[in-house]
């Protein structure tokens, strides 16, 4: 692979460094959007199956060390310049890291409850909950996207099941597995003048819109965190029906859920019409060449996103809105310059000054809906259940969807100190109700 500006370099003996690529840098700024508070850390958790219920804490630590060897990115440090990796002096040094990052919680709370209030990890941590028989991986979002977090968890469970592999550190050989950025893999080029103009147009429209939000209770910069998580599970029958109906209508559940989120936000905004400012995240893992599309590259942020503004009113047609969402995804997926456009947008944000880059754009978001698809595509080890959480401090409400064990799940994460106690839960309940409206018998 040719020399690249976002490439890992040994800047002094044993110390490796890589600058952020644009999407990574944007995510870093979102993480640090509130001074003194880190948000957007991901927890990917499972209920242990019979295969793992007799495990010891020693076996857990051994598997965690194996994962550190296979995925050295989880041992990086992150600052405003990018990613840093220091080669350990030996296995004993990594053993100290293991002791510091494996946490045992015997409080009796569920993994979902612990994750909602857990302190943000410096990079990554592993939680073991013996009373509820759960394990969850806790990782910075700018280290791993949501699918990457699931892959990391699966890699850990595989190491835990195998239990035989012993690893050693000290020779620095693990640095060969530090992952390249998405831009490097896609051979992204510097933004052209036309892309720079396009970026300015996209960002100006986004920042000059009149976005709709749920009604906020607080917009103070020092609003404390009270992380909440709402989860709704559709039955297997409902899930099967939705998939068939969406296929008949030529859309996906992601398109339908995004439309549902937009219309539910309008209903709770106390407005008749307005703009839905949204980020449309897309995993690139399925289109990357081998080996970058494999679990070997789990600790990576291989996600792109597209900033778009769509108008919505009380008379908006559900299916037409879902089709507009579909067109946004198709256009972005076919855009070979999407990483270069992201670089141009980030450059424009940084050059305009004011609030630190990406923070203002992030706070303008009306909705954000992310889909993992079918979890078993990435989580192949046997488990009794799977769940996902993200901690958010800003007023942005994070919505996730995924299907596990044949059931579609809708998860909404938010800071309840920004809202009335039930506002996002009520909006989320209407969200899944609107998804149910995707029916061949109804006119939209």
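Every read-out reported here was derived from the displayed coordinates using simple, explicitly stated rules and does not represent laboratory data. Because the structure is predicted, anything quoted here is derived from the model rather than measured. Counting neighbours? That spans all protein chains shown, and the Cβs are built from the backbone with ideal geometry, glycine included.
The calculated Kirkwood hydrodynamic radius for the chain is 22.6 Å, given to one decimal from all distinct C-alpha pairs. Sorted ascending by nearby beta carbons within 10 Å, beginning with the fewest, 275, 142, 197 become 197, 275, 142. Helical content of the chain, expressed as a calculated mean residue ellipticity at 222 nm, amounts to -11000 deg cm²/dmol (DSSP H runs of 4 or more residues, -39,500 (n - 2.57) each, divided by residue number, nearest 500). Mind pulling the angle between the C-alpha long axis of helix 57-70 and the longest principal axis of the chain? Nearest 10 degrees, somewhere in 0 to 90. Helix 57-70 sits at roughly 80 degrees to that axis. Cβ crowding within 10 Å ranks 23, 234 as 234, 23, fewest other Cβ atoms first.
I need to check one value: relative contact order of region 1-59, counting alpha carbon pairs closer than 8 Å and at least 6 residues apart, in percent. Averaging sequence separation for qualifying contacts and normalising by length gives 16 percent for region 1-59. When each of the peptides 92-103, 366-377 is scored by the mean number of other C-beta atoms lying within 10 Å of its residues, the order from highest to lowest reads 366-377, 92-103. Across all Cα atoms of region 198-326, the radius of gyration (one decimal) and Dmax (whole number) stand at 17.9, 49 Å.
Summarising the label geometry, the points placed 7 Å from Cα in the beta-carbon direction at residue 208 and residue 231 lie 4.4 nm from one another. You can think of it this way: the chain between residue 267 and residue 168 has 29.9 nm of extra reach, that is 0.36 nm per residue less the Cα-Cα gap.
Angle of helix 318-333 to the longest C-alpha principal axis of the chain, folded into 0 to 90 degrees and rounded to 10: 40°.
Ranked by how many other Cβ atoms sit within 10 Å of their own Cβ, fewest first, the residues 125, 296 fall in the order 296, 125. What angle, in degrees between 0 and 90 and rounded to the nearest 10, separates the Cα long axis of helix 22-31 from the longest principal axis of the Cα atoms of the chain? Approximately 90 degrees, to the nearest ten.
For region 146-203, the C-alpha radius of gyration divided by 2.2 N^0.38 Å, with N the number of residues, is 1.90.
Kirkwood-type hydrodynamic radius, region 289-333: 13.4 Å, calculated from all non-identical alpha-carbon pairs. Take each peptide in 65-77, 401-413, 332-344, count the other Cβ atoms within 10 Å of every residue, and average; sorted highest first, the result is 65-77, 401-413, 332-344. Counted over the chain, the DSSP beta bridges are approximately 85% antiparallel.
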